[in-house]
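One structure below.
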Amino acid sequence: MRIATWNINSVRLRLPTVLAFLQEQAPDVLCLQETKTEDKTFPAEALKDAGYVHQAIRGMKSYNGVAVISRVPFTDEGQRDWCGKTDCRHLAVKLDGGLEVHNFYVPAGGDEPDPAVNDKFAHKLDFLAEMQNWFGAERKSSDPMVLVGDLNIAPLEHDVWSHKQLLKVVSHTPIEVEELDKLQTGLGWVDAVRHFVPETEKLYSWWSYRSKNWELADKGRRLDHVWVTEPLKSRLKSAAVVKSMRGVEKPSDHAPVIVDLD
């Protein structure tokens with residue numbers, strides 16, 4: 001089974017890119033973030049025509065939004081409204097066979113990494129804390145689960161182009177990394193991509209639109225993640241960031257991440 005995650009930055013605007021990716025990489029399940037559309041305008045029929053007839057969507061106008069589209073059947077397990085906000089940042093599905101997939105779009109956190117002066121950063125930290133508490137109370141490490149999404153944190157030294165220069169930049173600050181680590185270790189989640197790519201190797205999934213020569217400069221960050229619980233670790237076959245999709249016409253600033261499970 002191939003599971004992919006992608007912050008698409010408007011699924012309607014980038015529908016041709018999504019369809020090309022589906023044809024090229026043939027994921028069984030694709031989890032999207034930042035779909036930026038209400039459910040009624042989600043391009044459901046075009047994606048069904050591409051073979052992804054099983055769909056769960058949670059969208060809102062212009063902002064946020066998550067979706068799971070699949071070639072294999074699943075049960076929609078619904079979404080939680082984290083931090084008391086109905087802002088469409090999560091949904092869960094259960095595939096036939098019992099594998100549970102959680103698709104998240106964690107708040108970006110604004111520009112100032114100080115919760116005392118930046119409400120967006122405070123929201124991000126609260127969101128991560130609530131995720132920790134919920135998974136700790138509602139799920140077990142023995143449950144076969146996959147957690148994917150734009151978690152908006154690049155936790156490791158080589159998940160960013162310059163560890164030293166980004167230590168005070170939102171997405172790589174020590175407080176964010178600490179909170180993400182608490183979430184990961186809480187259920188013993190396995191970082192499925194770093195399972196195959198050594199932590200000493202640079203690895204990114206996001207490159208800013210501000211850099212016209214983004215590929216040459218390669219000042220990226222790994223914000224998009226796929227985690228699996230311990231029962232699935234032995235079933236991991238391969239993982240990759242599909243960097244080529246960042247270079248297409250009118251791209252998302254994120255590249256898709258794919259993981260293959262036996």
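Among the candidates 162, 142, single out the residue that is under 16 Å from residue 232 (Cβ atoms), surrounded by fewer than 13 Cβ atoms within 10 Å (Cβ to Cβ) and among the small types (Gly, Ala, Ser).
Result: 142 is the single residue among 162, 142 that is under 16 Å from residue 232 (Cβ atoms), surrounded by fewer than 13 Cβ atoms within 10 Å (Cβ to Cβ) and among the small types (Gly, Ala, Ser).
Restricting to the stretch 163-192, and then to whatever is part of a loop (DSSP other than H, G, I, E, B) and without any contact (Cβ under 8 Å) to a residue 60 or more places away in the chain, can you tell me which residue is nearest to residue 243 (Cα to Cα)?
Among residues in the stretch 163-192 that are part of a loop (DSSP other than H, G, I, E, B) and without any contact (Cβ under 8 Å) to a residue 60 or more places away in the chain, the one nearest to residue 243 (Cα to Cα) is 172.
Give the stretch 35-61 a look and list any residue that's farther than 15 Å from residue 86 by Cβ, of a type in the set (Lys, Arg) and not in a helix (DSSP H, G or I), or say none.
36
List pairs: first residue in the stretch 193-219 and of a type in the set (A, V, I, L, M, F, W, C), second residue exposed (fewer than 13 other Cβ atoms within 10 Å of the Cβ) and not in a helix (DSSP H, G or I) anywhere in the structure, Cβ distance under 8 angstrom, at least six positions apart or on different chains.
214/208
Give the number of residues within the stretch 45-79 that are basic (Lys, Arg) and buried (at least 16 other Cβ atoms within 10 Å of the Cβ).
2
Those residues that are farther than 16 Å from residue 138 by Cα and assigned to a strand (DSSP E or B), I need them from the stretch 86-102; list them, please.
95
With the condition kept exactly as written, say whether any residue in the stretch 48-65 is of a type in the set (Phe, Trp, Tyr), out of contact with any strand residue (DSSP E or B) (no Cβ under 7 Å at 6 or more places or on another chain) and either within 13 Å of residue 12 (Cα to Cα) or free of Cβ contacts under 8 Å to residues at least 12 places away in the same chain (or both).
The answer is yes, given that some residue of the stretch 48-65 is of a type in the set (Phe, Trp, Tyr), out of contact with any strand residue (DSSP E or B) (no Cβ under 7 Å at 6 or more places or on another chain) and either within 13 Å of residue 12 (Cα to Cα) or free of Cβ contacts under 8 Å to residues at least 12 places away in the same chain (or both).
Given (1) buried (at least 23 other Cβ atoms within 10 Å of the Cβ); (2) over 19 Å from residue 30 (Cα atoms); (3) among the basic types (Lys, Arg), identify the lone condition not met by residue 222.
(2)
Within the stretch 151-162, does at least one residue satisfy the condition of being part of a loop (DSSP other than H, G, I, E, B) and more than 19 Å from the chain's Cα centre (by Cα)?
Yes: one or more hits.
Mind checking whether some residue in the stretch 127-141 is in a helix (DSSP H, G or I), in contact with a strand residue (DSSP E or B) (Cβ under 6 Å, 6 or more places away or on another chain) and without any contact (Cβ under 8 Å) to a residue 60 or more places away in the chain?
No, every residue in the stretch 127-141 fails to be in a helix (DSSP H, G or I), in contact with a strand residue (DSSP E or B) (Cβ under 6 Å, 6 or more places away or on another chain) and without any contact (Cβ under 8 Å) to a residue 60 or more places away in the chain.
What's the total number of residues in the stretch 225-262 that are of a type in the set (A, V, I, L, M, F, W, C), within 21 Å of residue 14 (Cα to Cα) and surrounded by 21 or more Cβ atoms within 10 Å (Cβ to Cβ)?
Total satisfying the criteria: 5.
No value in this document is a laboratory result; all are computed from the given coordinates. Because the structure is predicted, anything quoted here is derived from the model rather than measured. We place every Cβ from the backbone using ideal geometry, glycine too, and count neighbours over all the protein chains shown.
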